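Undergrad: Got a structure here, written out as structure tokens. Questions coming.
FYI, it's all coordinate maths here, none of it is from the lab. Predicted model only: the values in this text are computed from it and were never measured. Reconstructed Cβ throughout: ideal geometry from the backbone, glycine too, with neighbour counts over all protein chains shown.
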Amino acid sequence: MKEFNLVLTPGVEDNDKIVLEFINEKYGEISWSFYSLPYVPPYQENWEGIINYEKVCRYHPFSDESQEKTVVIDLKEWILEDRIHEDFLNIFFMYLHDQHSYFNLRYVFTVGAYGEGDVRELIILLSKYFEKGCITVNRVFQNTEELEHYISTKHKRISKELIAKMAGMIIEAKEKVGGISQLDSLLAGLENSISRTSTWIDEQLLIQSAKEVRTTGFYMLYDEEMEKILRGYEKSSKEHKDSIGKGRIV
């Protein structure tokens, strides 16, 4: 039996980068395809789940340069209610199991934003057709330290203190960000808006570029939280100037 891998990203719908990093770490940089299996009610006529899968994940051992290929399959539409036990999903897994007679494929399953407690029945069902491989849970949007580490690794221009504040607001309202790809895009937009020449972004530079900051996608999503940072610095800066002025009068 071929093994299956399951990548869980609780609370995160958009997990393409997380899954790709898992594939690269486990198998190296290899070709892969993505397919989201749509849910259909039981006994619907002309179910095209397998046909569409073949169109997306077309593969032939004699035409592809590599004899191995990884297929990422999103099953999030089947986790709700009791859909796991419906016939179409079982038929799909039977089909994937039979593919092993012809192709050397690797399967990585994902379930959108669902967590471990939501997929127990799915794991049991997958184990009927495949050997259990890796079941990986990525908690980058649930753990502040992990999120800080991720941001500092990918966005090296932002100061540690500012990253800590950003990570805190993201954890508190993670539903505003769909996933890693969107987060990277929002932070890159913030970096570009603040200064194209500066190599370091801290709270002081943030407030100095407040006009540009307030037009970025990150600010628009976290406007109230970002205003606390901007106004907090403005207040402390004003108090500092006032204290200097009083000193001169004396």
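Undergrad: Determine, from the Cβ-Cβ distance of Ile135 and Lys228 and an R0 of 30 Å, the FRET efficiency 1/(1 + (r/R0)^6), rounded to the nearest 0.05. Mind dumping the intermediate values first?
TA: Values: r = 39 Å, r/R0 = 1.29.
Efficiency, from the Cβ-Cβ distance: 0.20.
Undergrad: Another one. Between Glu21 and Ile50, what is the label-point separation in nm under the 7 Å Cα-to-beta-carbon projection?
TA: Computed distance between label sites Ile50 and Glu21 equals 3.7 nm.
Undergrad: Turning to a different aspect of this structure: For a quick check: with amide H placed at 1.01 Å from N, whose amide H comes under 5 Å from Ile201's, ignoring anything fewer than 5 positions away on the same chain?
TA: Under 5 Å from the amide H of Ile201 lie the amide H atoms of Ile158, Ser159, each far enough along the sequence or on another chain.
Undergrad: Evaluate Rg over Rh across the range 3-137, taking Cα atoms for both radii and Kirkwood's formula for Rh. Mind showing how you got there, number by number?
TA: Details: Rg = 14.4 Å, Rh = 15.4 Å.
Value, to two decimals: 0.94.
Undergrad: Let me ask another. From the list (i) 12.3; (ii) 13.2; (iii) 17.7, can you say which value of mean projected area of the Cα convex hull in nm² was derived from the structure given?
TA: Computed from the coordinates, mean projected area of the Cα convex hull in nm² corresponds to (iii).
Undergrad: Rounded to whole Å, give me the distance from the Cα center of the range 212-228 to that of the range 1-45.
TA: Spelled out, the Cα-based centre of one part sits 33 Å from the other.
Undergrad: Checking the table Lys26/Lys69; Lys174/Lys228; Lys55/Lys76; Lys55/Lys176 against a 22 Å threshold on Cα-Cα, which pairs fail?
TA: Result: Lys55/Lys176 exceed 22 Å.
Undergrad: Continuing with this model, one more query. Relative to the longest principal axis of the C-alpha atoms of the chain, give the angle of the C-alpha long axis of helix 87-99, reported between 0 and 90° and rounded to the nearest 10°.
TA: 80 degrees
Undergrad: Moving on to the next point. What's the long-distance tail for the range 144-243, i.e. % of Cα pairs beyond 15 Å?
TA: Of the Cα pairs, 61 percent sit more than 15 Å apart.
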